[in-house]
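Here it is, the structure in full.
The values are calculated or read from the model by the stated rules, or taken from the named source; none is laboratory data. Quick caveat, the model's predicted, so the values are computed rather than measured. For neighbour counting, all protein chains shown are included, and Cβ atoms are generated from backbone atoms with ideal geometry for every residue, glycine included.
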Amino acid sequence: MASGQQWVLVEMVQAFYEAPAYHLILEGILILWIIRLLFSKTYKLQERSDLTEKEKEELIEEWQPEPLVPSVSKDHPSLNYDVVTGPPSHKIIVNGKECINFASFNFLGLLDNERVKLKALSSLKKYGVGTCGPRGFYGTFDVHLELEERLAKFMRTEEAIIYSYGFATIASAIPAYSKRGDIIFVDEAACFSIQKGLQASRSFIKYFKHNDMEDLERLLKEQEIEDQKNPRKARVIRRFIVVEGLYINTADICPLPELVKLKYKYKVRIFLEESMSFGVLGEHGRGVTEHFGVNIDDIDLISANMENAVASIGGFCCGRSFVIDHQRLSGQGYCFSASLPPMLATAAIEALNIMEEDPGIFRVLRDKCKHVHKALQGTPGLKVVGEPFAPALHLQLENSTGSRTNDLKLLRAIVDYSLDRQIALTLARYLEKEERFLPPPSIRVVVTVEQTQEEIEKAAQCIREAALKILK
Amino acid sequence: MTESAGNKNEDCHAANGVKPGRNGMVKNHHHHHQYQKQEKVYNAACNGELYSRPFIESFEETPMLVAVLTYMGYGILTIFGYLRDFMREWKIEKCHIAREREEQKDFVPLYQDFENFYTRNLYMRIRDSWNRPICSVPGATFDLVERSSNDYNWTFEYTGRVVKDVINLGSYNYLGFAENTGACATAAGEATVKFGVGVASTRQEIGNLNRHEELEKLTASFLGVESAMAFGMGFATNSMNIPALAGKGCLILSDELNHASLVLGARLSGSTIRVFKHNNMQSLEKLLRDAIAHGQPRTHRPWKKILILVEGIYSMEGSIIRLPEVIALKKKYKAYLYLDEAHSIGALGRSGRGVVEYFGLDPKDVDVMMGTFTKSFGAAGGYIGGRKDLIDYLQSHSHSAIYAISMSLPVVEQIITSMKCIMGMDGTTIGRSRIQRLAENTVYFRRRLREMGFIIYGNNDSPVVPMMLYMPAKIGAFGREMLKRNIGVVVVGFPATPIIESRARFCISAAHTKEMLDRALDVISEVGDLLQLKYSRRKVLPSLDRPFDETTYEENEE
């Protein structure tokens, strides 16, 4: 073997001697060429487009950014807020004038309830104000657990979870479940916090016409056809319907029974935002599900804030543990925010106590709503938008001037006229450029149980006068 | 900054111990001793112009052996997780997971199977270290509701007993304003009686009380800015206002360790987001240069504006932002700066005015001064301060002012009173002395821990003190052992930290007395020995245990 190898080597050397000179030179050049190729820089396609440092400096020197914020004109309608002094309860002092409050969402009048205040005060004396931490890190107080239990019991669901800010509740809940690639069917009139939740989820959003079940079914059918094309993919796309119980923007109610039917027909989960209907609708104030007699377990998630009827701060979600518990690790507004000040949780518990002890309060509210709705009918130039049982109605212009700014000015004039006559009203405010479907300009009229017959009549009379005078 | 300055800074970074790699793989073993000696020299050399004080920040590398063991730990946990999932699947092991309703079994699953693997098999084992309910003021000490679990943390039972007087090293109560007595509580109590707790309307509609406006004026004067605005939730202050400041065609440069609220706000704004390395000015400058030179992707139009998002103190790292350098860069490249002072306001600076004062800078150089009232002020909510035109714009365009209920009045009073106390407007020196106390406590606590041989992350002056645990099993063990000895600590692991860098986090408060800290330190040392947590291989010479008197603090401040 070894001698064989040696022989080959000898042969090679011999061949080298015998080879013609031109052949050796050629091979030598080729070898050098290969070495050059190996060590030369790789050819860059974009070499020409690279900027030199000097060019960069020039570009940097040249660049002029836009100002951080555009300037706001001094008379921007939303720049000068109305100033309230004193408690924002039934009697409210707006810009120095004492008025009857037809503007705060204090439906049940619990904001200045003595029992609530006393409980909050005793809680303050026990816990102080702040929680100094998120729920995970010693920000969970015994009152938070109690409130969650009470809310779950009140709503007759398995579990509830509280957030420290009403706005953040549904806005955090939606992206906790719906991710990129999932589909959300949502009503066009959905409120701003839902819109933000949708945006944060990065899912596909499909809007259906407000309260139009046929339109929703059309979208669901379209999706069904889409699914049949690619059943493998369809098996992992989660789908949700997001609706409000009572819409804050239109003051009407969602057709929940039909939605539940569609839910089972097309296997879509329902998320229901009840900030306007919790503590308002239903015999015991449980909201739209009770109003329609829908089994609450058929709704996958219900969220509401505790800032309207409950007159505290914060929000909650409730439903089955299978669904709700997930938010304790995935709800951004829950995990990464300081928890609700314990005194506000205590106030909410006491508000629930009152609501449970005296369900009659909801009937009273319903009667007042009907009364207000009726009293406002026939206001010249203004139309009442909303259901008779909705506690926050809208007054819109019957004939728009054609420009939103002018419409708002007219409505604002009516609000000012009423403020002068001790009726506190407010314009419904929107971010005009950010709303997906901007609602028409309107005056908000809020009903509370504290408003008396006479006050309601007086307010209606006042609005009528104002409309006559201003809208001509 | 010129090219050469950039290079100089690189040296400086190595010296300051900005982490060589996030995973902490050891790059250079025998650098440590030099490091110790040269730290200050480098600081003086390269920070001289921008920094008026030594900026000492350290992130000791993860020892190789520890890193390997930690990965092994996760490996074993994962194997066991699969094994137990398998047993659950075959009903050998009882399954505690909440189930989908029978009626909805044929729906698309709400959660992907693997999604909750970590929760089910790792988090659940040590779940008792979080969400511990308390039933008192979250002050220097607190009372915990005792709970126990008979099913390995799937459910908890409350035993009805209360664990009294646990030393609180977990709450963000930096200045000790979480109190149920004293001026703040009295003011909040009066507000409760007068106003009730709710407001039931938004700022733009009919929820704008004069007390809100007073709070805003006071905040502006505290921060040294023209105007300020307050919001009901700290998280929402970021997530609902960044979209008002930036939009399509804008670029947001965000620190990689920014809080979830900043990330969410940036995402909601619709801007392009680019992330720079934590507190790394080379990385930031490179992004700025490239961004301006190349413009927007594909269209190559110039950016409308560039917004840099940073935090004052990073709550998981304990690091302080290199603000002088950020401001220099921001000025050079005409970018805007959004500074989140959630943890630094009240906690840093001679008079508690945050990281801007700490570095002796001008608040006008920061375009958006954001912060929260949750921490140092013992309340809730957040603020944004800045030029008048900025605040005017936010008043008319902030999501929060239009769609969210305004702040609760008792909370407003708590903030006003505590802020006045910090500013000395209440005629006492309580505020001033608390700020000083916090600074002393911080330096003392950090020094002692380092001397004991723990690996401590972050800046010497940061009251957030992360102590490395690394191994997953030690997360739960540390939390439990500390609680056994009546000390409440926060432990954090993945996903809040990189997977191998699990840590405990102590938040120092002005309310802590020296005795409490000493007791806590003794216990930490004891548990540290028990769990073998003293990983540090740096030699720290124990200094004389002198009390930290005023002169030392002054010296530090100058």
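Conditions (1) at pLDDT 95 or above; (2) charged (D, E, K, R), marked per residue:
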residue	(1), (2)
B:Y336	yes, no
B:R350	no, yes
B:V368	yes, no
B:G371	yes, no
B:K375	no, yes
B:K388	no, yes
B:S400	no, no
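Taking the range A:403-451, which residues are of a type in the set (K, R) and either more than 13 Å from chain B (Cβ to nearest Cβ) or within 20 Å of A:R464 (Cβ to Cβ) (or both)?
A:R404, A:K409, A:R412, A:R421, A:R436, A:R444
Could you figure out which of (1) buried (at least 23 other Cβ atoms within 10 Å of the Cβ); (2) in contact (Cβ under 8 Å) with a residue 60 or more places away in the chain; (3) more than 9 Å from chain B (Cβ to nearest Cβ) isn't true of A:I354?
(1)
Of the residues A:R235, A:R218, only one is at pLDDT below 95 and farther than 30 Å from A:F105 by Cα; which?
A:R235
Select from the range A:259-283 the residues that are farther than 25 Å from A:S172 by Cβ and of a type in the set (S, T, Y) and write down the one among them that is surrounded by the most Cβ atoms within 10 Å (Cβ to Cβ).
A:Y266
State all residues of the range B:378-395 that are within 7 Å of chain A (Cβ to nearest Cβ) and farther than 13 Å from B:N208 by Cβ; if no residue qualifies, say none.
If the condition is that a residue be within 7 Å of chain A (Cβ to nearest Cβ) and farther than 13 Å from B:N208 by Cβ, then B:G378, B:A379, B:A380, B:D389, B:L390, B:D392, B:Y393 are the ones that fit.
Do we have any residue at all in the range A:58-65 that's facing chain B (nearest Cβ under 7 Å), of a type outside the set (D, E), in contact (Cβ under 8 Å) with a residue 60 or more places away in the chain and not in a loop (DSSP other than H, G, I, E, B)?
no
Under the condition of being more than 8 Å from every other protein chain (Cβ to nearest Cβ) and either over 24 Å from A:L111 (Cα atoms) or hydroxyl-bearing (S, T, Y) (or both), which residue from the range B:398-422 is surrounded by the fewest Cβ atoms within 10 Å (Cβ to Cβ)?
B:K420
Now for a separate question. Check B:R132 against each of (1) within 10 Å of chain A (Cβ to nearest Cβ); (2) more than 30 Å from A:A234 (Cβ to Cβ); (3) without any contact (Cβ under 8 Å) to a residue 60 or more places away in the chain; (4) not in a strand (DSSP E or B) and name the one condition it does not meet.
(3)
For the range B:286-326, give me each residue that is more than 15 Å from the chain's Cα centre (by Cα) and under 30 Å from B:M468 (Cα atoms).
B:I308, B:R322, B:L323, B:P324, B:E325, B:V326
Conditions (1) surrounded by 24 or more Cβ atoms within 10 Å (Cβ to Cβ); (2) touching a His at 6+ places or on another chain (Cβ under 6 Å); (3) part of a loop (DSSP other than H, G, I, E, B), marked per residue:
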residue: B:S396; (1), (2), (3): no, yes, no
residue: B:T428; (1), (2), (3): no, no, yes
residue: B:R432; (1), (2), (3): no, no, no
residue: B:F445; (1), (2), (3): no, no, no
residue: B:M467; (1), (2), (3): yes, no, no
residue: B:A473; (1), (2), (3): no, no, no
residue: B:E481; (1), (2), (3): no, no, no
residue: B:P495; (1), (2), (3): no, no, yes
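So which residues in the range A:212-235 are buried (at least 19 other Cβ atoms within 10 Å of the Cβ) and outside any helix (DSSP H, G or I)?
Result: no residue meets the conditions.
All but one of (1) surrounded by fewer than 18 Cβ atoms within 10 Å (Cβ to Cβ); (2) at pLDDT 95 or above; (3) more than 29 Å from the chain's Cα centre (by Cα) hold for B:K217; which doesn't?
It is condition (3) that B:K217 fails.
Sticking with this structure for a sec: Of the residues that sit in the range B:283-297 and are more than 9 Å from chain A (Cβ to nearest Cβ) and surrounded by fewer than 16 Cβ atoms within 10 Å (Cβ to Cβ), which one is farthest from A:E58 (Cα to Cα)?
Looking at the filtered set, the residue picked out is B:P297.
Take the residues in the range B:346-366 that are within 14 Å of chain A (Cβ to nearest Cβ) and surrounded by 21 or more Cβ atoms within 10 Å (Cβ to Cβ), then tell me which one is nearest to B:N441 (Cα to Cα).
Once the filter is applied, the top-ranked residue is B:A347.
Out of the residues in the range B:245-286 that are of a type in the set (A, V, I, L, M) and in a strand (DSSP E or B), which is farthest from B:I327 (Cα to Cα)?
Looking at the filtered set, the residue picked out is B:I273.
Can I ask one more? Can you find a residue that is crowded, with 24+ Cβ neighbours inside 10 Å and either over 30 Å from B:I206 (Cβ atoms) or more than 7 Å from chain B (Cβ to nearest Cβ) (or both) anywhere in the range A:81-90?
no
What number of residues in the range A:104-129 are assigned to a loop (DSSP other than H, G, I, E, B) and more than 7 Å from chain B (Cβ to nearest Cβ)?
Number satisfying all stated conditions: 5.
Can you go through A:L256, A:L340 and tell me which one is buried (at least 24 other Cβ atoms within 10 Å of the Cβ), touching a strand residue (DSSP E or B) at 6+ places or on another chain (Cβ under 9 Å) and hydrophobic (A, V, I, L, M, F, W, C)?
Going through A:L256, A:L340 in turn, the sole match is A:L340.
I would also like to ask the following. Run down B:Y172, B:Y158 and say which single residue is in contact with a Lys or Arg (Cβ under 7 Å, 6 or more places away or on another chain), among the hydroxyl-bearing types (S, T, Y), buried (at least 20 other Cβ atoms within 10 Å of the Cβ) and at negative phi.
B:Y172
Quick one: which of A:H394, A:H373 is more than 26 Å from the chain's Cα centre (by Cα), within 30 Å of A:G287 (Cβ to Cβ), surrounded by 14 or more Cβ atoms within 10 Å (Cβ to Cβ) and not aliphatic (A, V, I, L, M)?
A:H373
OK, next. Taking interchain pairs and intrachain pairs at least six residues apart, which have beta carbon atoms under 7 angstrom, with the first residue in the range B:197-212 and more than 7 Å from chain A (Cβ to nearest Cβ) and touching a residue at least 24 places away in the same chain (Cβ under 8 Å) and the second of a type outside the set (V, I, T) and in a strand (DSSP E or B)?
B:H212/B:A230
Within 8 Å of chain A (Cβ to nearest Cβ), in contact with a Ser or Thr (Cβ under 9 Å, 6 or more places away or on another chain) and within 16 Å of B:S406 (Cα to Cα): is that true of B:M229 in this structure?
Considered against the rule, which asks whether it is within 8 Å of chain A (Cβ to nearest Cβ), in contact with a Ser or Thr (Cβ under 9 Å, 6 or more places away or on another chain) and within 16 Å of B:S406 (Cα to Cα), B:M229 comes out as no.
Go through (1) of a type in the set (D, E); (2) under 28 Å from B:R434 (Cα atoms); (3) buried (at least 16 other Cβ atoms within 10 Å of the Cβ) for B:E501 and report which single condition fails.
The failed condition is (2).
Evaluate the following for A:S275: is it outside any helix (DSSP H, G or I), among the small types (G, A, S) and in contact with a Ser or Thr (Cβ under 7 Å, 6 or more places away or on another chain)?
Judged against the criteria, A:S275 is not a match.
Here's something else I'd like to know. Suppose the filter is surrounded by 23 or more Cβ atoms within 10 Å (Cβ to Cβ), without any contact (Cβ under 8 Å) to a residue 40 or more places away in the chain and either farther than 23 Å from B:P54 by Cα or at the interface with chain A (Cβ under 10 Å from one of its Cβ atoms) (or both); does B:S239 pass it?
yes
Is one or more of the residues making up the range B:400-420 over 17 Å from B:E213 (Cα atoms) and under 25 Å from the mean Cα position of the chain (by Cα)?
No, the range B:400-420 contains no residue that is over 17 Å from B:E213 (Cα atoms) and under 25 Å from the mean Cα position of the chain (by Cα).
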